[in-house]
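A.B. asks: Got a structure here, written out as structure tokens. Questions coming.
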Ligand code: MN
């Protein structure tokens, strides 16, 4: 199959999975870098992620300009995607969401750090981007490339960044990688919030976060978690 068709198929699956897992609701979006042109990315028109189909996927320049304007409404927060692709050549997929479980970490000084083993992938550091630092009082949305680039400068080389009072931006070296990380952020957030009712959280150490992966995840050519997530979301893996 043409790599473009594969990416579109995975992008549709990613949309459905994120909706099914409660990472996105009517808002939120996932994009993929264009497999034939690193200066472009693929993203649905402004549909709710749970409804996205292959025909909905559009092509955008990194500055957010649609390659073909088909008159459909488009997501206003496209600069989150374009600015991250611009700053991070290795990133192949970007997710923006307002996941309810993650939000508390975006509005307090309690840092988001891995506490459960399957959240090691979120990395040691999840920075918080403060839009007010550079842009003062706004409607909180990332609508300009200048804002997107500022967000990317706080994200730096990390897997994800929280956006104060708003949500988060998640990156991946593939669509599945970004989706797994976005879901891990949610699982980790929920476990910490629940754990806090019992007592002090014992976070993973940097050594635990970076320890070499063993077990099923190292099996070649088969992603057990992606298979599971696709089936739960009713899409063909
Ligand atoms: Mn948003």
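Rule-based calculations on the coordinates, nothing more; no lab input. Computed from a prediction, not measured in an experiment: that's the story for all the values here. Every residue, glycine as well, gets a Cβ built from its backbone with ideal geometry; the counts of neighbours run over all protein chains shown.
A.B. asks: Can you find even one residue in the stretch 166-179 that is free of Cβ contacts under 8 Å to residues at least 60 places away in the same chain and buried (at least 20 other Cβ atoms within 10 Å of the Cβ)?
C.D. replies: The answer is no; no qualifying residue exists.
A.B. asks: Any chance the stretch 66-73 includes a residue that's within 16 Å of the ligand (Cβ to nearest atom), outside any helix (DSSP H, G or I) and surrounded by 16 or more Cβ atoms within 10 Å (Cβ to Cβ)?
C.D. replies: The answer is no, given that none of the residues of the stretch 66-73 is within 16 Å of the ligand (Cβ to nearest atom), outside any helix (DSSP H, G or I) and surrounded by 16 or more Cβ atoms within 10 Å (Cβ to Cβ).
A.B. asks: How about the stretch 95-128: which of its residues are within 16 Å of the ligand (Cβ to nearest atom), in a loop (DSSP other than H, G, I, E, B) and surrounded by 23 or more Cβ atoms within 10 Å (Cβ to Cβ)?
C.D. replies: 99, 102
A.B. asks: Which of the residues spanning the stretch 129-144 are within 16 Å of the ligand (Cβ to nearest atom) and assigned to a helix (DSSP H, G or I)?
C.D. replies: Within the stretch 129-144, 131, 132, 135 qualify.
A.B. asks: Here is a further query. Name every residue in the stretch 35-55 that is crowded, with 21+ Cβ neighbours inside 10 Å and either within 16 Å of the ligand (Cβ to nearest atom) or assigned to a loop (DSSP other than H, G, I, E, B) (or both), in order of residue number.
C.D. replies: Across the stretch 35-55, the qualifying residues are 43, 44, 49, 52.
A.B. asks: Also: For the stretch 147-164, which residues satisfy the criterion of being in a helix (DSSP H, G or I) and either touching a residue at least 60 places away in the same chain (Cβ under 8 Å) or surrounded by 20 or more Cβ atoms within 10 Å (Cβ to Cβ) (or both)?
C.D. replies: Passing the criteria: 147, 148, 149, 150, 151, 152, 153, 155.
A.B. asks: Which of the residues that make up the stretch 74-90 are part of a loop (DSSP other than H, G, I, E, B), surrounded by 15 or more Cβ atoms within 10 Å (Cβ to Cβ) and more than 16 Å from the ligand (Cβ to nearest atom)?
C.D. replies: 88
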